[in-house]
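Undergrad: If you scroll down you'll find the structure; I have some questions about it.
The values are calculated or read from the model by the stated rules, or taken from the named source; none is laboratory data. The shown structure was predicted, so the numbers you read here are calculated from the model rather than taken from an experiment. Because the Cβ atoms are built from the backbone with ideal geometry, glycine has one as well, and the counts that use them run over all protein chains shown.
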Amino acid sequence: MVELTLGGVGRKVYFERGIQTMEPRGEERTLRSEKVQIERKTFFLDLKENDRGRFLRITEDVGGRRDRIIMPATGMEDFARALDDLIVFEQEELGR
């Protein structure tokens, strides 16, 4: 992690792996991880915890390029319900 102080304002900006954050992240602990390979993409689902709470980090890796989304663990059930609805819709569409 790299720490920079912005000129004259005393505000610190932190960079970790090219991602800018305003405050350093607390220590993260991985509670459980799953890996899913779909065609040429690999998805990593990591349930993690830090001093701010639990969260799910979903990482998509395509040929070394990674994109991530992070959601609070409190939203996982709503996310799973929405995904289930999309799966049912897709299966119904394929059945036509």
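Undergrad: Do we find a residue being aliphatic (A, V, I, L, M), at pLDDT 55 or above, touching a strand residue (DSSP E or B) at 6+ places or on another chain (Cβ under 8 Å) and closer than 27 Å to V62 by Cβ anywhere in the range 35-43? Steps first, please.
TA: If we filter the range 35-43 for residues that are aliphatic (A, V, I, L, M), which is where we start, we get 36, 38.
Now drop any that are not at pLDDT 55 or above, which leaves 36, 38.
Going one step further and asking which of them are touching a strand residue (DSSP E or B) at 6+ places or on another chain (Cβ under 8 Å), we end up with 36.
Those left that are additionally closer than 27 Å to V62 by Cβ: 36.
Yes, the range 35-43 has at least one match.
Undergrad: Find all pairs meeting these conditions: Cβ atoms under 8 angstrom apart; at least six residues apart or on different chains; first residue within the range 45-60 and closer than 9 Å to E28 by Cα and acidic (D, E); second residue at pLDDT below 95 and not in a strand (DSSP E or B).
TA: Every condition considered, the pairs that remain are E49/E28; D51/G26; D51/E27.
Undergrad: Can you report the number of residues in the range 61-88 which are closer than 28 Å to G26 by Cβ, assigned to a strand (DSSP E or B) and of a type in the set (A, V, I, L, M, F, W, C)?
TA: Matching residues across the range 61-88 total 3.
Undergrad: Restricting to the range 12-28, and then to whatever is more than 20 Å from E60 (Cα to Cα) and at pLDDT 55 or above, can you tell me which residue is nearest to the chain's Cα centre (by Cα)? Can you show your working first?
TA: Step one: filter the range 12-28 for residues more than 20 Å from E60 (Cα to Cα), giving 12-15, 21-27.
Restricting the remaining residues to those that are at pLDDT 55 or above gives 25-27.
Values: R25: 14, G26: 16, E27: 16 Å.
Filtering first and then ranking leaves R25.
Undergrad: Hey, can you tell me all the residues within the range 26-53 that are charged (D, E, K, R) and assigned to a strand (DSSP E or B)? Let's see the steps before the verdict.
TA: So the first thing to find is which residues in the range 26-53 are charged (D, E, K, R), and the list is 27-29, 32, 34-35, 39-41, 46, 48-49, 51-52.
Scanning the range 26-53 gives R29, R32, E34, K35, K41, D46, K48, E49.
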